[in-house]
1. Kindly indicate whether residue B:51 is touching a residue at least 12 places away in the same chain (Cβ under 8 Å), within 10 Å of the chain's Cα centre (by Cα) and part of a helix (DSSP H, G or I).
2. Could you pull out the residue among A:17, A:1 that is more than 20 Å from residue D:97 (Cα to Cα) and surrounded by 13 or more Cβ atoms within 10 Å (Cβ to Cβ)?
3. Going by the conditions given, is residue A:186 within 14 Å of chain F (Cβ to nearest Cβ) and modelled with pLDDT of 90 or more?
4. If I filter the range F:53-66 down to residues being of a type in the set (A, V, I, L, M, F, W, C) and surrounded by 13 or more Cβ atoms within 10 Å (Cβ to Cβ), which single residue comes out as nearest to the chain's Cα centre (by Cα)?
5. Of all residues in the range A:52-84, how many are touching a residue at least 24 places away in the same chain (Cβ under 8 Å) and touching a Leu at 6+ places or on another chain (Cβ under 8 Å)?
6. Could you count how many residues in the range A:35-52 are surrounded by 15 or more Cβ atoms within 10 Å (Cβ to Cβ) and either touching a Ser or Thr at 6+ places or on another chain (Cβ under 7 Å) or farther than 17 Å from residue D:96 by Cβ (or both)?
7. Of all residues in the range A:175-205, count the ones that are touching a helix residue (DSSP H, G or I) at 6+ places or on another chain (Cβ under 6 Å), touching a residue at least 40 places away in the same chain (Cβ under 8 Å) and of a type outside the set (Phe, Trp, Tyr).
8. Search the range C:2-29 for residues that are more than 7 Å from chain D (Cβ to nearest Cβ) and pair each with any residue that is surrounded by fewer than 19 Cβ atoms within 10 Å (Cβ to Cβ) and assigned to a loop (DSSP other than H, G, I, E, B) when their beta-carbon atoms are under 7 Å apart and the residues are at least 6 apart or on different chains.
Amino acid sequence: MKRVVSLAVLVTIVLGMSLLLALSGQSFYPSENLRWLAIVYLNTTYNPYLPDFTVRSPESVTAIVWDYRGLDTLYETTVFYLAIIAGLALGRGVKRLNQKPTDESGLSPIVKTVTKITGPMILAVAASIGLHGHLTPGGGFQGGATAAVVPVVFIVVFSSFYLLWKGVSSQRMLTLRSAGLIGIGLTSISLFLAGLLLGLPSYVFQNIAKAGSPLSMPYDVHGALLSGTLWWFNLFEFLAVSSGFTLAFIILMTPEAEEKW
Amino acid sequence: MIEELLVYTGLGLIALGAFAQLVSGIGVNRFRNFYLRLHAATIGSIWGCVYPIAGAGLVALGYKELGPYSTFMAGAAFVTSFLVLILSPAGSHALARAAHKTRQALVEPCVHDALDPSMCVRGGGS
Amino acid sequence: MSLDLLIYAVGAVASLMSVVAVYLALVERDLVKAVIYSAIQSVFYSLLFYLFMSPDIVLVYLPVAGGVLPALLLVLISKTERFERE
Amino acid sequence: MVGFLAEYMFTVIYLSLFVNLGLSLFGLFYKPHYVKKLIMLGVLGDTLNMFAIFLGYRAWPSPTTPSRPPILLTYPFENASVLVEFTSRAVDPLPQALVLTAVVIGLAVMVFLIFLGDNLFKHYGTLDMREIRRLRG
Amino acid sequence: MFVQEFIAAVVPLYLVATALYLYRALKGPTIPDHVLGVDLLSYNLAVLFIVLGIFFKEPILIVTAIPLALWIYALDIYVAKYLERRVMGA
Amino acid sequence: MRAARAIPVALLAFVTYIVFSGSTSGYDLVTGLLVSVVVGALFANVTIERPSKLLSPKRWYWALRYALRYFIVDETKCHIDVAKRILSPRMPVNPGIVVVPFDVESDYAMTAIANSITNTPGTVVVEVDKKNKVFYVHWIDVASIEPREAKKGISETFEYYSKKVFD
């Protein structure tokens, strides 16, 4: 009862205060125009008339995330990687059980069968979200997070021993995750290395040819738009994020042995 | 012609979804027992979710103003509705099983409980 | 007919509902219920993100706040304790 | 009238976000349980992200043409009119990109804090912060 | 065709259903009731996402409905598992 | 053998990928092929037990008939029934949990029957016993607690069709 009264008071405060603000002309209302910076970004994200500035990706959010501000995102990926490594370090010394899964473990057989059918479908959908990240909403992180449904649901519905039994171990996930991170790093300096080899000027995190550095990743392969490095970044980020989530869930959810340390 | 038919069928399914969601919302709030609410929830997830999403896919197939990505929308709508069709009964079943197994909710009113007769509360107001 | 009013009305309803969910998550003593309330809040926030035309954020926010965090918090609760003491 | 209603509804959204901010700060400081603090930290981060998205939103150019996400749909184009129409309707992509990064970093912090909470319980046998403060001294 | 106006007329009905579901999701005496409410709420919002995608004439917005349906199914599953076993991984 | 089991899974993933992308351009076909190969390799030993069943066109024909009948006849009947119960002022309910036996072999057929039962409003599968081959079904209007009679009221048509499709 006390909660209902407090809630009514809260909602009334919100409605009344905003009525007062709107009546007195102090209301917050978005403008119809954008800042100039936003207009620059929107104008150059896919623009064949400005070949020195464009990213050649129709998705401007992915373009900003992985090209204009790519260094931010590289460090963000590293932070996420390190957080999971830190979790691993904190959980070290805990004995984890390891036994063969039985029919009894997990939820009912109906849920198990449904999970078996939908697993490949979810993975295909997630891959589609990830690999179309430079064309439609989505990208590596979004696709990877959607793909992480599959291991979570498998751990919960079967058991974490089932995953181990099928060969999804935390060491392999750590390897895959490191491979994803290394792939991102290599993609970011690939054109720089190519420039060193060919003796041409080029930048770190270079995607499309800029003024003064003619090197450029392949962005249009037989009519299919790849947007240069964005495709590769999305692919590696997909691997890194999905394996990272799997790793975190495996570490947290595997039952521990009784003895405390 | 065929496009208009698709659009009108799809819109009809969307309206059906709105009606089903309303009925389901009323049922979820009127029934006094968890297991009875599950039946109302099924209306909300099949007629209320699967059918209108498939209907939106039909609309996208016939509605030309959506531009070049309308086939993307139709395909994604069909995949979504299929996934919901498969996943929602599994979720309901898992919840019902957990509720019954751990005695979270008694079966009330009840005619007969073949699984665990001690959970059957006879009579009781609806 | 002004169609933008409909969208802002949907947003206003969603944000008011999120206030209700956040308040209940704040005062609830049963932590499992608090986690479920925060999941409700994140669902409404994703509707707001959608209405403000950022599908990318919805795609990244829903798995994180609607799926992974409740899962991890439930694991933490199942390993530790369920009720908040007064 | 229509303009007033639109302003009123927008202000409702804005103020309720402020209320959420206040509630989450209150929970973060005054609720003793670790898990409750984590939940409220999540709400706090989400609300701040929502403010950032607010900054990037733009009102509809006219009552019947909605603003659109910053994604170009017809991309091999012949003339620049597509681009002009796109820039006249799309919302600001920069806050969205920043929020995307912020959400992931918030998740990383939360994952680490959850691992930490597990260890706290192993050491102290409770997650109530008052108890932990007492046990430490 | 009158698609936009039709959807503008249908969306308020969906919102009423949202409020009804929210009431159950917040009130529900037992935990399965709460989860059932959240479940229905998110199916409702998934339909709303798709229908508003047609309303805005932005077909790409539909991608957002898939994670909603998937992750809420996952929420069902792990609350059920939590109630049944208390240990999530076994 | 693993490859034979992988092919149906890969096919499922490929179809999902293409339908979700909504286009058959070269980019989608190539990436879809790669994704489906990877997914098929991952799920080969999980999803499929006997891949030869997928090849017979007779099963697909019966699946189509099942789907059409299910979505047009059975769903409509049950939805209208339960909607009437919800909207009528007295809310006439007569619920209980009854035993419904089933007589199919494979897990998929059992799941198809159970999901069909749960997806029609008015019946929810609460528990399944694989050893004794029975479902425990919560029924909103118990006509009979006799297993045979209950099966006639709930799942006979579903079982008839899913036996043709999956067994």
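1. yes
2. None of the others qualify; the one that does is A:17.
3. On the way: within 14 Å of chain F (Cβ to nearest Cβ): no; modelled with pLDDT of 90 or more: yes.
No, not satisfied.
4. First, pick out the residues of the range F:53-66 that are of a type in the set (A, V, I, L, M, F, W, C): F:54-55, F:60, F:62-64.
Narrowing the set further to residues that are surrounded by 13 or more Cβ atoms within 10 Å (Cβ to Cβ) leaves F:54, F:62-63.
Numbers: F:54: 15, F:62: 13, F:63: 10 Å.
It comes out as F:63.
5. Number satisfying all stated conditions: 16.
6. Total meeting the criteria: 8.
7. Taking the range A:175-205 as the starting set, the residues that turn out to be touching a helix residue (DSSP H, G or I) at 6+ places or on another chain (Cβ under 6 Å) are A:176-177, A:180-181, A:183-184, A:187, A:202, A:204-205.
Among the residues that remain, those that are also touching a residue at least 40 places away in the same chain (Cβ under 8 Å) are: A:176-177, A:180-181, A:183-184, A:187, A:205.
Remaining after also requiring of a type outside the set (Phe, Trp, Tyr): A:176-177, A:180-181, A:183-184, A:187.
Number satisfying all stated conditions: 7.
8. Cβ pairs passing all conditions: C:29/C:84.
The values are calculated or read from the model by the stated rules, or taken from the named source; none is laboratory data. Quantities reported herein were computed from a predicted structural model and do not represent experimental measurements. Glycine gets a Cβ as well: all are built from the backbone with ideal geometry, and neighbour counts include every protein chain shown.
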